[in-house]
Amino acid sequence: MSATFHGVIPPVVTPRHADGTIDVDSLKNVTKHLVDGGVTGLFVLGSSGEVPYMTNAERELAVRTIAEANAGAVPLVVGANEQTTNRVIDEAKKMVDLGADALVITSMYYAIGNAAETEAHFRAIHEAVATPVFAYDVPVRTHFKLPTDVLVRLAKDGVIAGVKDSSGDDVSFRQLLLATKDVPGFSVFTGHEVVVDGALLGGAAGVVPGLGNVDPAGYRKLYDMAKAGDWAGAAAEQDRLARVFDIVYAPGNRVSGGAAGLGAFKTALQLMGIIESNTMSTPMESLNEAEAETIRAILVETGLL
């Protein structure tokens, strides 16, 4: 399992036409761009895919389209995004039928539980679905930080195959790495774009970077340098990627945080000729021409245009 889930697994964006419908051809182009860029997996229906805004039919269309374009090149790690345990189980089974090689599961949200209920939540999903499950620690979305002791128990009991950590808590991230380093086949991924070299130095299996949609080859280069022990080279590439990440600040406070980050990724991909439109899911606003020009300048400076 650890040989399968490692490296660079970007959360795939969901391109839309100007009328708001999913742009299937552009989604295929993004998938090809990522695979050609050397990614080791694709995270489908994650936060960068705008999954909370998608209808059930759109979710299924996105998974089918990416699976077709990927054609088995790399593993598909698919989010089963629902509010409570039984709803997650239904969604997870659907995603496995559509081609998921692994599932990504958050704690409950809206119906927010405690640590005991969260542990029971993951154990019930594991019992119901044979596919490997990754816990997604994303308190900015769920308003609940996954407790390290719960994750360690779930890891040692084989309930979860790994963790995608987007908590922003560097102390708990390091504690989780230390506590699970001897668990066979267990993989911890960082979800942060600008501290990947440090995460890999600490023992992370890889990264799930939203910015990886824009520059998958850069993240693969960083990962390969780290695996080779070239930490100076990895740091230099991380510095360049940190500059690329500045695209998310182009709109300032004009739009929401989500629309700024995801809109920047989409705008960059549009400028690079990979997708047709930078249209966001309703009700998020798309980035404008002036913001696109700011992003263009950063892409030119960092060698992407």
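The values are calculated or read from the model by the stated rules, or taken from the named source; none is laboratory data. Since we're looking at a predicted model, the values are computed, not measured. No Cβ is skipped: glycine too gets one built from the backbone with ideal geometry, and neighbour counts run over all protein chains shown. Keep in mind that these areas ignore ligands, DNA and RNA; they rest on the heavy atoms of the full protein, side chains included. Shrake-Rupley method; radii C 1.70, N 1.55, O 1.52, S 1.80 Å.
Tabulated results
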{"item": "5 Å-binned pair-distance histogram of the range 1-68 (Cα, whole percent)", "result": "3, 17, 29, 25, 14, 8, 3, 1, 0"}
{"item": "Dipole of the chain [Lys/Arg +1, Asp/Glu -1 at C-beta], most positive-end residue of 162, 98, 216", "result": "162"}
{"item": "For the range 101-157 versus the range 21-76, the gap between their alpha-carbon centres in whole angstrom", "result": "23"}
{"item": "Simple Cβ-charge dipole of the range 2-53, Lys/Arg +1 and Asp/Glu -1, about Cα centre, in debye nearest 20", "result": "140"}
{"item": "Fraction of alpha-carbon pairs over 20 Å apart in the range 142-298 - percent", "result": "56"}
{"item": "The chain - accessible surface per residue (Å², probe 1.4 Å)", "result": "40"}
{"item": "With every protein chain in place, the chain: carbon and sulfur % of accessible area (1.4 Å)", "result": "52"}
{"item": "Cα-centre dipole for the range 190-255 with unit charges at Cβ (Lys and Arg positive, Asp and Glu negative), debye to 20", "result": "140"}
{"item": "Stokes-Einstein D for the range 80-174, Kirkwood Rh over Cα pairs, 4 °C, 1.567 mPa s (µm²/s)", "result": "98"}
{"item": "Antiparallel DSSP beta bridges within the chain, as percent of all bridges there, nearest 5", "result": "5"}
{"item": "Descending semi-axes in Å of the range 214-305, equivalent ellipsoid built from Cα gyration tensor", "result": "27, 12, 12"}
{"item": "Restricting the range 231-278 to trypsin sites (Lys or Arg not before Pro) in coil, as DSSP defines it, with at most 16 other Cβ within 10 Å", "result": "254"}
{"item": "Kirkwood hydrodynamic radius over Cα pairs of the range 1-124, then Stokes diffusion coefficient at 25 °C and 0.890 mPa s, in µm²/s", "result": "163"}
{"item": "Dipole moment magnitude, nearest 20 debye, the chain about Cα centre, only Lys, Arg, Asp, Glu C-beta charged", "result": "380"}
{"item": "Farthest positive-ward along the range 173-291 dipole, Cα basis, beta-carbon charges - from 177, 192, 228", "result": "177"}
{"item": "Paired Rg and Dmax values of the range 35-194, which use every Cα atom, in angstrom", "result": "14.9, 42"}
{"item": "Debye log10 I(q)/I(0) at q = 0.13, 0.14 Å⁻¹ for the chain, Cα point scatterers", "result": "-0.88, -1.03"}
